[in-house]
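A short worksheet on the structure shown next.
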Amino acid sequence: MANWRISSFNGALLAAYFIPTWTIIAFKIMISPIHGLYERPSISVALFISDHLQLAGMATVRFAWLLALGRMTVVAFFAIFLVFIARSKIRNSGGCDEALGLALAIGSVIGFASMVMASQVGETAALRLHAAELLMMLGTAIVMLVERPARPPADRHATAGDLSLQQS
């Protein structure tokens, strides 16, 4: 744990939440698009589609599948991120940041859109859920932006040697 960057550790915690949660939601939508769309995690999107967009049945099914595809894309990028952080060389060089960044970007767009839709239809429970998920993703994105970039391994050893020379 000594070599872990804060963003990598935070990303692993987010992946532990989003992979099972969003996979279950997406599979429920894939199995039964209308019923899955009207369950609690996606109810605000379903109500917004039916109230404001007034889509036909097949268009609603296509929109539900698109939402499931977006959620599964985020899950896939989180899974790739977990594979990358399993190798210390990739984790220490910051090679896993792109996968985490894409998961956060796509997930934040989905979360923000769902939050806006929940506020438009007056679903406070869904609004709280989407706001909490959005804040988790934005918090990790801010940590990634503020955290210094990973230095190559050669620079770390050179810097440690320079410090020991300066101290003597």
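The values are calculated or read from the model by the stated rules, or taken from the named source; none is laboratory data. Treat the numbers as computed from the prediction; the structure is a model and nothing was measured. Note that we place each Cβ from the backbone using ideal geometry, even for glycine, and neighbour counts take in every protein chain shown.
The set of residues in the stretch 112-142 that are surrounded by fewer than 17 Cβ atoms within 10 Å (Cβ to Cβ), farther than 23 Å from Trp4 by Cβ and not aromatic (Phe, Trp, Tyr) comprises Val116, Ser119, Gln120, Gly122, Thr124, Ala125, Arg128, Ala131, Ala132.
Per-residue answers, yes or no, for (1) of a type in the set (A, V, I, L, M, F, W, C); (2) within 17 Å of Met115 (Cβ to Cβ):
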position: Arg40; (1), (2): no, yes
position: Leu55; (1), (2): yes, no
position: Thr60; (1), (2): no, no
position: Ala68; (1), (2): yes, no
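For the stretch 19-57, filtered to residues that are touching a helix residue (DSSP H, G or I) at 6+ places or on another chain (Cβ under 6 Å) and of a type in the set (S, T, N, Q), the residue that is modelled with the lowest pLDDT is Ser44.
Can you list the helices (runs of 4 or more DSSP H) lying wholly within the stretch 1-111 that have 1 or more residues being surrounded by 21 or more Cβ atoms within 10 Å (Cβ to Cβ) and in contact with a Leu (Cβ under 9 Å, 6 or more places away or on another chain)?
By residue number, 6-31, 33-37, 43-48, 57-86.
Inside the stretch 44-61, can you point out the residues that are without any contact (Cβ under 8 Å) to a residue 60 or more places away in the chain and closer than 15 Å to Ala26 by Cβ?
Quick first cut of the stretch 44-61, residues without any contact (Cβ under 8 Å) to a residue 60 or more places away in the chain only: 46, 49-50, 53-61.
Answer for the stretch 44-61, where residues must be without any contact (Cβ under 8 Å) to a residue 60 or more places away in the chain and closer than 15 Å to Ala26 by Cβ: Ala46, Val61.
Filtering the stretch 26-53 to residues that are closer than 12 Å to Trp65 by Cα and among the aromatic types (Phe, Trp, Tyr) leaves only Phe27.
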